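Single-structure report; data block below.
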Amino acid sequence: MTEQPEYEFSHEVDLTKISKTGRDYRLEADAAARKRIAERLRVPSVEALAGEIHIAATRKAVFVRGSVRGRLTRECVVSLEEMPETVDDRFEVEFVRCADDAPVEEDNAENWHEPEAHRGVVFDIGELLVQQFSLALDPFPRKPGAVSLAQTYGTEKLSSPFSILQGKIDKTEEKQ
């Protein structure tokens, strides 16, 4: 039996107590959880993380929809300076419920559109909120007006590898 990983922001829900009409939850990460989330996401800090989640379950599936909001400090991909980022996103996710011993297909390019598998009767909506938060982040955060290190310290004019030949060939010669 494999152990479940310990999540930075965990809020487990017993799916046997969730109906197909669902239940609403409001979550907010405390300072200790935000610090662990920042370490996981490799960002300087997470100042706020909260969300509303509606979860519904049937014998065959788990449906989750909600919103995630947060503030964090990121590093600019151009200048490496710290900068603030705000997240305000909505999401909907479907999971197929599987028996604990059922084989689960690995993710690949051919089944990206299929719902993810979920095993067991416990569902961690805190971990799902952290995952949705990370998916909502700007993949290339750039501070407004940032000048890249290449622009700052690079050469003024990039030369072509063929620039040494410039002027060596007489263009007036005709091909015979």
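Rule-based calculations on the coordinates, nothing more; no lab input. This is a predicted model, so every value here is computed, not measured. Every residue, glycine among them, receives a Cβ derived from its backbone with ideal geometry; neighbour counts consider all protein chains shown.
Just add up the charged neighbours of S79: K/R +1, D/E -1, any other residue whose Cβ is under 14 Å from the Cβ of S79. Mind dumping the intermediate values first?
Numbers: positive: R74, R142, K143; negative: E75, E81, E82.
With Lys, Arg at +1 and Asp, Glu at -1, the neighbours total 0.
Test of understanding: what is the full-extension gain from S19 to K35, defined as 0.36 nm times their sequence separation minus their Cα-Cα distance?
Values: separation 16, 0.36 × 16 = 5.76 nm, distance 3.38 nm.
Taking S19 through K35 to full extension adds about 2.4 nm, to one decimal.
What is the local net charge at V68, summed over the other residues whose Cβ is closer than 10 Å to its Cβ (Lys, Arg +1; Asp, Glu -1)? Walk me through the numbers on the way to the answer.
Working: positive: R69, R90; negative: E52, D88, D89.
Neighbour charge sum, excluding V68 itself: -1.
Using r as the Cβ-Cβ distance of S160 and E75, and R0 as 30 Å, what FRET efficiency do you calculate, to the nearest 0.05?
On the way: r = 33 Å, r/R0 = 1.10.
Result of the calculation: an efficiency of 0.35.
Give me the dipole magnitude in Debye, nearest 20, for the range 5-50 about the Cα centre, with unit charges on the beta carbon: positive for Lys and Arg, negative for Asp and Glu. Show your work: numbers first, answer last.
Working: 9 positive and 9 negative charges, 28 e Å.
Dipole size: approximately 140 debye.
If I take every Cα pair under 8 Å that is 6 or more residues apart in the range 18-64, average their sequence separation and divide by the length, what percent do I get for the relative contact order?
This gives 48 percent for the range 18-64.
Any chance you could run the full-extension gain for E82 through L137? It's 0.36 nm times the residue separation minus the Cα-Cα distance, nm to one decimal. Mind showing how you got there, number by number?
Values: separation 55, 0.36 × 55 = 19.80 nm, distance 1.48 nm.
Difference between extended and current length: 18.3 nm.
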